[in-house]
Amino acid sequence: MTNITKFNGKSIVYSKFRPDYPNELVMDMIFENKLKEDSIVADIGSGTGIMTKKLLDHGFKVFAVEPNTEMRKVAEEKLKKYKLFISVEGSAENTTLLKRSVDFITVAQAFHWFDLKRFQKECQRILKVYGKVAIISNERMTETSINQEIETAYKRFCPDFNGFSNGLNNSEEIYDRFFKENYSVKIYENPLSYNKEGFIGRHLSSSFSLTKDDKYYPNLVEALSNIFEKYSKNGIISVPNLTKYRCGCVKIIDEG
């Protein structure tokens, strides 16, 4: 299974239950980068269009670049009313966009899948002069007991689980290699509240999670149900979460 196909069979549950991003973050991003209504944005690794929709709601023309066919089709259906929405079959490393064609790039909950150097080169190619990249991620507070119990359930029943965010490096060092110096970092408290259906659905939407055809699917659902019953109050559970925003100019990669 390639990175492109890891979300096959999960596009609907992903679109329905994946967490949103704080409106405050989006407003800060627009203000900090002086984005205007005529700004052109590439949302790369756009998935089912969660961040894409926020950008469209502010009037930007958005190229939503997504390699997974199922995810892309969900976004196309959901966002078809937006005249400035352009769906693109492409990857972070090969967006297919024209050279110097976008003012700004967003990456929401997808950076950990990218080939760093190849993505840097592609950003360098498609961004206009002085264009920047914003990388946004919802990050679990893994020291909390609820997230530790969720991790235990994943480890027990999901063979592909290698850690949250696929176990890929989310340390600041990788961003130091991607951005030029003095890139912006902001952290937003963004606890995620769910009813039971939403809590289970969210945890079935991960790339490593199970689908109904998997042997241990009922076991995983039962474990998640038990966690919900343990931590919920009045039918609602709150999962500690931080949303992190990093934005800056990309380090130049020599073409040679």
Quiz item: How many residues does segment 79-117 hold that are of a type in the set (A, V, I, L, M, F, W, C), farther than 17 Å from MET51 by Cα and either touching a strand residue (DSSP E or B) at 6+ places or on another chain (Cβ under 9 Å) or modelled with pLDDT of 95 or more (or both)?
Solution: 3
Self-check item: helices (runs of 4 or more DSSP H) (entirely within segment 40-157) containing at least 2 residues that are without any contact (Cβ under 8 Å) to a residue 60 or more places away in the chain and of a type in the set (Val, Ile, Thr)
Solution: 50-57
Practice problem: Please work out which one of (1) modelled with pLDDT of 95 or more; (2) of a type in the set (Phe, Trp, Tyr); (3) farther than 22 Å from GLU122 by Cα is the condition PHE17 fails and give its number. | Solution: (1)
Quiz item: Do you know which of the residues in segment 149-172 that are surrounded by 15 or more Cβ atoms within 10 Å (Cβ to Cβ) and at pLDDT 85 or above is farthest from ALA108 (Cα to Cα)?
Solution: PHE157
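Counting only residues that are under 19 Å from GLU149 (Cβ atoms) and among the small types (Gly, Ala, Ser), how many does segment 236-254 have? I'd like the intermediate steps shown before the answer.
Residues of segment 236-254 that are under 19 Å from GLU149 (Cβ atoms), as a first pass: 236-242.
Keeping just the survivors that are among the small types (Gly, Ala, Ser) gives 238.
Number satisfying all stated conditions: 1.
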Quiz item: Within segment 233-254, is even one residue exposed (fewer than 14 other Cβ atoms within 10 Å of the Cβ) and part of a helix (DSSP H, G or I)?
Solution: no
Quiz item: Can you name the residue in segment 182-219 that is part of a loop (DSSP other than H, G, I, E, B) and of a type in the set (Gly, Ala, Ser) and is also surrounded by the fewest Cβ atoms within 10 Å (Cβ to Cβ) among such residues?
Solution: SER207
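Going by the structure shown, is GLU32 modelled with pLDDT under 95, more than 17 Å from the chain's Cα centre (by Cα) and within 22 Å of LYS128 (Cβ to Cβ)? Full working, then the answer.
Details: modelled with pLDDT under 95: no; more than 17 Å from the chain's Cα centre (by Cα): yes; within 22 Å of LYS128 (Cβ to Cβ): yes.
So GLU32 does not fit the description; no.
The values are calculated or read from the model by the stated rules, or taken from the named source; none is laboratory data. The structure presented is a predicted model; accordingly, all values stated were derived computationally and were not measured. Note that each Cβ is placed from the backbone with ideal geometry, even for glycine, and that neighbours are counted across all protein chains shown.
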